[in-house]
Amino acid sequence: MKILRQTRAGSLESNDLMVVMKPLGDREGIKLEINSIVQNQYGDRIREVVTEVLKRNGIMDAYIMIQDRGALDCTIKARVETAIKRGL
Amino acid sequence: MPTTMIFVPGNNPAMVQNAGILGADSIIFDLEDAVSPDEKDAARILVRNALRSVDYGSCERTVRINSVDHPKWKEDIAEIAKGNPDSIVLPKAQRMETVEMVQGALEEAEDGQRSIGIIPLIETAEGVERVFEILCCSPRIKTVIFGAEDYTADIGAKRTKEGSEILYARCRILNAAVAAGVEAIDTPFTDVNDMEGLKEDVKVAKSLGFRGKALISPRHCKIAMEIFAPSGEEIEYALKVIKTINQAEKEGKGVVALDGKMIDAPIVARARKVLKLAGMEGGNHE
């Protein structure tokens, strides 16, 4: 699966996150930037959840920027999935 | 058997994740009116993920999909079925065929899971006139909700707090529900800040025979639950009825009286309902 256009999903409300996704060329890989209000505590976990959703959807090359406002895993999964679907 | 069903906007993560602690018996995650057209995809994915991972305790989990005249109502069902909710709430249910279409889409989407219920939302003049046939057309229907806002817009009436303009619809839906063996839930009270108005409205709904109330604000939960809960007097009388009838059965008596009034089948049935609502199901309480 390939991201073909720039998309965004989510919001900057509390308990939500904003995902911005942009296409990258073949074999450029995943470039993931995370900015979270709980970066120190949960930064690694957010990275893990985002990577898992990208992998499950077969996304090999994309730039992803996350601005997190304290979202639960299920919200992170939902917003990344929405951004992917909007970008295909 | 819910007495309070609260609407929660389906694209609001804070409300979706906390819906289980708002105090209602049942949650209605809303994909319809509470979600803007360009966020429908995000809402159905968010609700599906939440249904799969958030523990809502003993709350019933339902989802209001978009009505069948929306181009993507089938996508709502396909996505939401993966979260295995207890029921879907079907807005603008106005014909048997509408329910059958939705039932067909659910059968395709369920893939061998447990059967997902359908809760018709009766909110059009045609829906009110056809309510009995709608409620009888699927074994998935155990509850019906009345939606007065769309209904009054449909008939061209002004919505008032006193509610005389919706009395006919309330009574017709309620009668059809009882005849079909379905629980009827009354329309939400839409003024979030008017607690006295809410009390009056819930009392009217209860006096007509509704089993519960749909709500749009967590602030309304406590009042609605208190009014719908059986009173101490009602419970005490119900217990006396059941005790009397049990004693009569043991003694082989056909006809019995309590406080000078004959206890017949409807009185016993009402007593059992009161005890069920009070969480004292079974009726063999001394």
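Taken together, the values in this text are just the output of simple stated rules run on the coordinates, not laboratory data. For clarity, every value in this text was computed on a predicted model and none was experimentally measured. Positions of Cβ are backbone-derived with ideal geometry, glycine not excepted, and every protein chain shown enters the neighbour counts.
Around the amide H of B:Glu183, modelled in the peptide plane, lie the amide H atoms of B:Thr143, B:Val144, all under 5 Å away and 5 or more residues distant in sequence or on another chain.
A Cβ-based charge dipole, computed about the Cα centre of chain A with Lys and Arg at +1 and Asp and Glu at -1, lands at about 320 debye. Taking the Cα centre of chain B as reference, the dipole from Cβ charges on Lys and Arg (+1) and Asp and Glu (-1) amounts to some 760 debye.
Here the translational diffusion coefficient of the stretch B:72-121 follows from Stokes-Einstein with Rh set to the Kirkwood radius across Cα pairs; for 10 °C and 1.306 mPa s it amounts to 146 µm²/s.
With a sphere of radius 12 Å drawn around the Cβ of B:Arg219, what net charge do the other residues whose Cβ falls strictly inside it have (Lys, Arg +1; Asp, Glu -1)? Value of the local net charge: -1. Karplus-derived 3J(HN,Hα) values for the stretch B:171-180, using 6.51 cos²θ - 1.76 cosθ + 1.60 with θ = phi - 60°, are 5, 5, 5, 4, 4, 4, 5, 4, 4, 8 Hz; glycine and proline are entered as x.
Which whole-number percent gives the relative contact order of the stretch B:77-184, counting Cα pairs below 8 Å spaced six or more residues apart?
26
In sequence order, the stretch B:84-91 has phi-based couplings of 6, x, 5, 8, 10, 9, 9, x Hz under the Karplus curve 6.51 cos²θ - 1.76 cosθ + 1.60, θ = phi - 60°, and Gly or Pro positions carry x.
In the stretch B:131-286, a dipole from Cβ-located charges (positive for Lys and Arg, negative for Asp and Glu) runs towards its positive end, and of B:Thr187, B:Val202, B:Ala229 it is B:Ala229 whose Cα lies farthest in that direction.
Kirkwood Rh, the protein assembly as shown, all Cα pairs: how many Å?
22.9
Springs join every pair of Cα atoms under 10 Å in this Gaussian network model of chain A, and among A:Val19, A:Val53, A:Val38 the largest mean-square fluctuation is at A:Val38. Each Lys and Arg adds +1 at its Cβ and each Asp and Glu adds -1 at its Cβ; summed about the Cα centre, the protein assembly as shown shows a dipole of about 520 debye.
The order of the peptides B:223-233, B:202-212 by mean Cβ neighbours within 10 Å, most packed first, is B:202-212, B:223-233.
Please report the equivalent ellipsoid semi-axes of chain B, computed as sqrt(5 x eigenvalue) of the Cα gyration tensor, largest first, in whole Å.
Three semi-axes, in Å: 35, 21, 20.
Of B:Ser87, B:Val102, B:Ala19, which is farthest on the positive side of the dipole of the stretch B:1-127, counting Cα position, with +1 on Lys and Arg Cβ, -1 on Asp and Glu Cβ, and the Cα centre as origin? The Cα lying farthest towards the positive end belongs to B:Ala19. For peptide B:44-56, the mean count of partner chain Cβ atoms within 10 Å of a residue's Cβ comes to 4. Rounded to the nearest 500, the 222 nm mean residue ellipticity of chain B from helices alone is -14000 deg cm²/dmol, with -39,500 (n - 2.57) taken per DSSP H run of at least 4 residues. Note on chain A: dipole from Cβ charges, positive end direction compared against A:Ser36, A:Leu72, A:Val19; the farthest Cα belongs to A:Val19. What's log10 of I(q)/I(0) for the stretch B:1-125 at q = 0.17, 0.18 Å⁻¹, Debye sum over Cα points only, no solvent? Reported log10 I(q)/I(0), two decimals: -0.80, -0.91. With the helix formula -39500 (n - 2.57) applied to DSSP H stretches of n ≥ 4, chain A reaches a computed 222 nm mean residue ellipticity of -12500 deg cm²/dmol. For B:Phe29, the residues whose amide H sits under 5 Å from its own are B:Val8, B:Thr62, B:Val63, B:Arg64, ignoring neighbours fewer than 5 places away on the same chain, with H placed 1.01 Å from N. Residue pairs exceeding 24 angstrom between C-alpha atoms, taken from A:Lys77/B:Lys74; B:Lys161/B:Lys276; B:Lys92/B:Lys222; B:Lys40/B:Lys82; B:Lys142/B:Lys199: B:Lys161/B:Lys276; B:Lys92/B:Lys222; B:Lys142/B:Lys199. Using C-alpha pairs below 8 Å separated by at least 6 residues, the relative contact order for the stretch B:232-277 is 50 percent.
Can you bin chain A into rounded, prolate or oblate? Criterion: square roots of the alpha carbon gyration tensor eigenvalues sorted a ≥ b ≥ c, rounded for a/c under 1.5, prolate for a/b above b/c, oblate for the rest. Judged from the Cα gyration tensor, chain A comes out prolate (a/c at least 1.5, a/b above b/c). Backbone phi angles across the stretch B:51-57, fed through the Karplus curve with coefficients 6.51, -1.76 and 1.60 (θ = phi - 60°), yield HN-Hα couplings of 4, 6, 10, 8, 8, 9, x Hz in residue order; Gly and Pro are listed as x. For B:Leu215, the residues whose modelled amide H falls within less than 5 Å of its own, excluding neighbours fewer than 5 places apart on the same chain, are B:Met5, B:Ile6, B:Phe7.
Only residues of the stretch A:53-79 count here: report those whose backbone N is under 20 Å from the spot 7 Å along Cα→Cβ of A:Asp26, or say none. Within reach of a label on A:Asp26, which here means backbone N under 20 Å from a point 7 Å along Cα→Cβ, the stretch A:53-79 contributes A:58-63.
For peptide B:6-12, the mean count of partner chain Cβ atoms within 10 Å of a residue's Cβ comes to 1.
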